[in-house]
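The values are calculated or read from the model by the stated rules, or taken from the named source; none is laboratory data. A quick note: this is a predicted structure, and the numbers were derived from the prediction, not measured. Cβ placement follows ideal geometry from the backbone for every residue including glycine, while neighbour counts extend to all protein chains displayed.
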Amino acid sequence: MSIDARSDADGSVSPSIRCTVQIEQLRAQLHRASPSPQTRALLRVRTISEEVQWWSLRTGRLVILDEASMAGWFELDALTVQARNAGAKVLQLRTIPTNGAVVSSLGTPAGVAER
């Protein structure tokens, strides 16, 4: 009869060895259950794709530009064109330092609503 290196002389397995074996078995199960690096990368790509879709301009979207006077005309024009092409609306808010009222102070590129 041979004695297993993990067992005592009487053939019983010590509690510390049993615990170590159980930990290794659980670690192996966790490793098999854990997504692979490729799966994690695909999940991250899907998450980013969903975020891009969520923030994309599309029909019915309203883009509100607070402090629009801080933006340049070329940027405002580019945003307006993109919104118009997507069927979205652009609302520009400009503040004038009189009682903090939100009013429109300047003209806007074509197709932009002001308030």
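I'm trying to understand the selection: among the residues of the stretch 35-68, which are outside any helix (DSSP H, G or I) and exposed (fewer than 10 other Cβ atoms within 10 Å of the Cβ)?
Those that are outside any helix (DSSP H, G or I) and exposed (fewer than 10 other Cβ atoms within 10 Å of the Cβ): SER36, THR59, GLY60.
Of all residues in the stretch 92-107, how many are out of contact with any helix residue (DSSP H, G or I) (no Cβ under 9 Å at 6 or more places or on another chain), assigned to a strand (DSSP E or B) and modelled with pLDDT of 55 or more?
So the answer is 0.
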